[in-house]
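Values quoted throughout were computed directly from the atomic coordinates according to the rules given, and no laboratory measurement underlies them. The model shown is predicted, which means the values in this text are computed figures rather than measured ones. Reconstructed Cβ throughout: ideal geometry from the backbone, glycine too, with neighbour counts over all protein chains shown.
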Amino acid sequence: MKQGFFHLPPEKQETILAAALAEFGANDYAAASLDRIVAAAGISKGGLYEYIASKEELYLYCMERTWSDLYRHIREQIVLAEKPLPADILERFLSVSRIAIEWYLVNRSMLGLLVRIARLPRDELALKAQAVFETHFAEVFSGLDVSRLGHPLEQLIDLIKWLLAKTRKDVLMEMEAGRSPEEVRRAYLDEWAFFCSVLARGIYRPQESGNAG
């Protein structure tokens with residue numbers, strides 16, 4: 001973003017950002033329209049270009065803000081809980097998922113943007129988007145206990161990232177279908193409990209039996 005954007009009053013910054021998030025959250029990147037963004041923000045297109053260099057720059061800024069907001073929420077809730085995150089991989093993901101669903105339910109435009117990131121063509125923009133995600137992800141999912149795992153950690157992380165992307169998409173679909181927050185929350189948490197119960201049967205090494213004495 002150009003420096004002029006950050007010199008705007010905070011309210012105007014948020015108006016422009018909210019318009020951009022709504023547009024990118026409702027449309028894939030290629031279909032998203034700067035014309036609709038400026039109309040929603042109440043500024044001219046020329047005025048918008050005083051604050052951004054390109055559509056891609058605005059998109060990446062919105063994406064960074066979205067990932068930052070989600071993971072800031074997660075970290076804040078961890079601190080408020082006053083207990084460390086579990087070291088076990090499945091318990092860690094289940095704990096974080098319980099926190100994330102509350103953010104999803106009140107940030108529909110941002111959730112829409114995260115869901116649509118997965119639809120980006122495999123190009124330079126997608127690589128930039130992935131790099132932003134990986135930075136934030138590593139802040140919360142480091143320090144896992146791998147001593148019991150029967151498979152490489154990297155493969156298990158990739159599997160659970162896929163499940164995270166799937167459940168974000170499912171949550172958005174349920175919200176768009178008009179389901180109540182409580183219905184969406186219950187379905188989401190039940191699904192993660194199911195995932196974790198199934199994975200627990202396959203990702204750990206069998207425990208060695210002690211010799212009878």
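Tabulated values for the structure
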{"item": "Contacts under 9 angstrom Cβ, first residue in region 93-112 being closer than 11 Å to Val140 by Cβ, partner polar (S, T, N, Q) and buried (at least 19 other Cβ atoms within 10 Å of the Cβ), 6 or more apart", "result": "Ala100/Thr167"}
{"item": "The listed residue being within 15 Å of the chain's Cα centre (by Cα) and of a type in the set (S, T, N, Q), out of Ser97, Ser44, Ser54, Ser33", "result": "Ser97"}
{"item": "Yes/no for Glu102 being of a type in the set (Asp, Glu) and in a helix (DSSP H, G or I)", "result": "yes"}
{"item": "Matching residues, region 122-160, being at negative phi and part of a loop (DSSP other than H, G, I, E, B)", "result": "Arg122, Asp123, Phe141, Ser142, Leu144, Asp145, Val146, Ser147, Arg148, Gly150, His151, Pro152"}
{"item": "Scan of region 13-34 for residues that are more than 18 Å from Thr66 (Cα to Cα), in contact with a helix residue (DSSP H, G or I) (Cβ under 9 Å, 6 or more places away or on another chain) and part of a helix (DSSP H, G or I), ordered by number", "result": "Leu34"}
{"item": "Leading residue by the ranking (farthest from Ala118 (Cα to Cα)) among those in region 149-176 that are of a type outside the set (A, V, I, L, M, F, W, C) and in contact (Cβ under 8 Å) with a residue 60 or more places away in the chain", "result": "Thr167"}
{"item": "Glu134 being surrounded by 15 or more Cβ atoms within 10 Å (Cβ to Cβ) and farther than 18 Å from Ile99 by Cβ", "result": "no"}
{"item": "Region 184-208, residues that are among the hydroxyl-bearing types (Ser, Thr, Tyr) and assigned to a helix (DSSP H, G or I)", "result": "Tyr188, Ser197"}
{"item": "Residues that are in contact (Cβ under 8 Å) with a residue 24 or more places away in the chain and part of a loop (DSSP other than H, G, I, E, B), drawn from region 35-76", "result": "Gly42, Ile43, Glu50, Tyr51, Ile52, Ala53"}
{"item": "Residues of region 45-74 classified as farther than 17 Å from Leu17 by Cβ and either of a type in the set (A, V, I, L, M, F, W, C) or loosely packed, with under 14 Cβ neighbours inside 10 Å (or both), total", "result": "2"}
{"item": "Some residue of region 88-103 being closer than 19 Å to Ala126 by Cβ and touching a helix residue (DSSP H, G or I) at 6+ places or on another chain (Cβ under 6 Å)", "result": "no"}
{"item": "Any hit, region 177-197, residues being touching a residue at least 24 places away in the same chain (Cβ under 8 Å) and touching a Gly at 6+ places or on another chain (Cβ under 9 Å)", "result": "no"}
{"item": "Filter result (in contact (Cβ under 8 Å) with a residue 40 or more places away in the chain and acidic (Asp, Glu)) within region 133-148", "result": "Glu139, Asp145"}
{"item": "Qualifying residue in region 77-88 (condition: basic (Lys, Arg), part of a helix (DSSP H, G or I) and without any contact (Cβ under 8 Å) to a residue 60 or more places away in the chain)", "result": "no"}
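Listed here are the residues, each with its yes/no results for (1) exposed (fewer than 11 other Cβ atoms within 10 Å of the Cβ); (2) under 21 Å from Trp103 (Cα atoms); (3) more than 18 Å from the chain's Cα centre (by Cα).
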site: Lys169; (1), (2), (3): no, yes, no
site: Arg179; (1), (2), (3): no, yes, yes
site: Leu189; (1), (2), (3): no, yes, no
site: Trp192; (1), (2), (3): no, yes, no
site: Phe195; (1), (2), (3): no, yes, yes
site: Leu199; (1), (2), (3): no, no, yes
site: Gly202; (1), (2), (3): yes, no, yes
site: Arg205; (1), (2), (3): yes, no, yes
